[in-house]
Amino acid sequence: MAEIAVTAPLPGDALARLEELHTVRVRPAGPPLVGRDMVSFVGGADALVCLLADRVAAEVFALCPNLKVVANYAVGVNNVDLEAARTSGVWVTNTPDVLTDATADLAWALILAVARRIGEGDGMVRSGAFTGWQPALLLGTGLQGKILAIIGMGRIGAAVARRGVGFGMRIAYHGRAPRPVDGVEAEFVADLDELLARADVLSLHCPLTAQTRRLIDARRLGLLPAGAIVVNTSRGEVVDEEALVRALESGALGGAGLDVYEREPVVHPGLLGRSDVVLLPHIGSATREARAAMAELVVDNVIAALAGDQPITPAVRPLVPRS
């Protein structure tokens with residue numbers, strides 16, 4: 001019977017299924033685990049189930065010799081030293097697919113909230129400032145015929161594109177290579193600067209890598225047309241928040257919708273007081289259905305790896321798996 005260390009309680013009943021096969025210890029919800037705190041928590045465990053905010057550095061693989069699999073409760077794996085895992089013989093897994101629709105829905109919620117000034121309208125009604133219908137009250141931006149520019153046409157980006165067709169938008173996207181989407185007429189734009197110069201709505205769905213960190217910086221924000229909307233449900237570090245604040249203050253942008261932040265959970269103070277920005281607490285996958293499915297996939301990955309099989313959704317394959 002193996003030992004599994006879980007850094008936080010997970011929704012649903014998946015962990016109960018794991019407990020039928022192995023010894024499971026679950027840390028109460030708390031601050032992310034990093035550094036030697038993570039090493040101490042893992043200890044002699046055979047498997048680690050962790051959150052995106054937890055940091056699994058090279059020292060974890062060096063000092064926890066029993067560890068055979070790190071199962072990330074997230075699509076992203078930028079919180080794990082992937083090369084150290086690979087060379088140490090440890091599987092790293094993630095949870096793609098099961099949260100695609102939930103995250104795409106939330107990206108569209110942000111697009112609509114910014115374009116139609118939903119947050120401002122809600123605040124007006126709740127504060128008693130709404131005195132009746134007026135022709136120019138909270139005029140927003142129509143989306144029909146506008147260009148939805150997507151960076152990263154993976155599962156979530158494609159789901160956002162499909163929804164965009166339903167709103168009558170024209171779809172253009174940038175990525176490493178063309179990736180056709182069934183039922184969507186989408187234009188691949190190889191030059192990112194060209195795409196940005198045409199974007200009425202920019203929706204970010206790329207992973208965080210050395211190449212995408214601060215991909216949307218001051219220069220690239222300056223390429224966007226006047227009144228463009230920026231939406232980020234990928235990784236906060238993809239956007240230079242200081243540059244975003246300056247672009248908003250200049251009046252060059254129509255607004256922004258963010259579910260992730262550059263220094264999460266800290267939010268740039270220049271964003272907090274702006275009525276043209278909608279801010280959410282990283283809830284892209286936060287439906288009961290998606291979060292429970294994520295937990296089930298995490299457990300399936302752990303069970304497979306500990307049985308000596310390939311996990312269902314590996315993000316990193318070890319050179320030689322630890323026995």
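Assorted remarks:
- Complete set of residues in segment 147-157 that are assigned to a loop (DSSP other than H, G, I, E, B) and either surrounded by fewer than 17 Cβ atoms within 10 Å (Cβ to Cβ) or in contact with a Lys or Arg (Cβ under 7 Å, 6 or more places away or on another chain) (or both): MET153
- Filter pass, THR131 being touching a strand residue (DSSP E or B) at 6+ places or on another chain (Cβ under 6 Å), of a type outside the set (Phe, Trp, Tyr), without any contact (Cβ under 8 Å) to a residue 24 or more places away in the chain and surrounded by fewer than 20 Cβ atoms within 10 Å (Cβ to Cβ): no
- The residue that is surrounded by the fewest Cβ atoms within 10 Å (Cβ to Cβ), among those in segment 231-245 that are part of a helix (DSSP H, G or I) and touching a helix residue (DSSP H, G or I) at 6+ places or on another chain (Cβ under 9 Å), is GLU242.
- Qualifying residue in segment 292-309 (condition: in a loop (DSSP other than H, G, I, E, B) and over 24 Å from LEU15 (Cα atoms)): no
- Residue in segment 74-93 that is farthest from the chain's Cα centre (by Cα), counting only those that are part of a loop (DSSP other than H, G, I, E, B) and surrounded by fewer than 24 Cβ atoms within 10 Å (Cβ to Cβ): GLY89
- Top-ranked residue in segment 176-187 [being free of Cβ contacts under 8 Å to residues at least 24 places away in the same chain and surrounded by 12 or more Cβ atoms within 10 Å (Cβ to Cβ); ranked as farthest from LEU223 (Cα to Cα)]: PRO178
- Any pair with Cβ under 6 angstrom, 6 or more apart, that starts in segment 256-271 at a residue that is in contact (Cβ under 8 Å) with a residue 60 or more places away in the chain and ends at one that is in a loop (DSSP other than H, G, I, E, B): ASP259/THR233; ASP259/LEU280; ASP259/HIS282; ASP259/GLY284
- Long-range neighbours under 7 Å by Cβ, at least six apart or interchain, first residue hydroxyl-bearing (Ser, Thr, Tyr) within segment 102-113, second in a helix (DSSP H, G or I) and at pLDDT 95 or above: THR103/ILE156
- Within segment 209-216, one or more residues are surrounded by fewer than 22 Cβ atoms within 10 Å (Cβ to Cβ) and free of Cβ contacts under 8 Å to residues at least 12 places away in the same chain.
- Positions within segment 18-29 being modelled with pLDDT of 95 or more, out of contact with any helix residue (DSSP H, G or I) (no Cβ under 9 Å at 6 or more places or on another chain) and part of a loop (DSSP other than H, G, I, E, B), in sequence order: GLU20, PRO28
- Condition check for ALA115: small (Gly, Ala, Ser), exposed (fewer than 15 other Cβ atoms within 10 Å of the Cβ) and in the same structural domain as ALA228 (by TED's automatic domain parsing): no
- Residue list for segment 188-205, restricted to those being assigned to a loop (DSSP other than H, G, I, E, B), surrounded by 15 or more Cβ atoms within 10 Å (Cβ to Cβ) and among the hydrophobic types (A, V, I, L, M, F, W, C): VAL189, ALA199
The values are calculated or read from the model by the stated rules, or taken from the named source; none is laboratory data. Owing to the predicted nature of the structure, the values given are computational and were not obtained by experimental measurement. Virtual Cβ from ideal backbone geometry, glycine too; neighbours counted across all protein chains shown.
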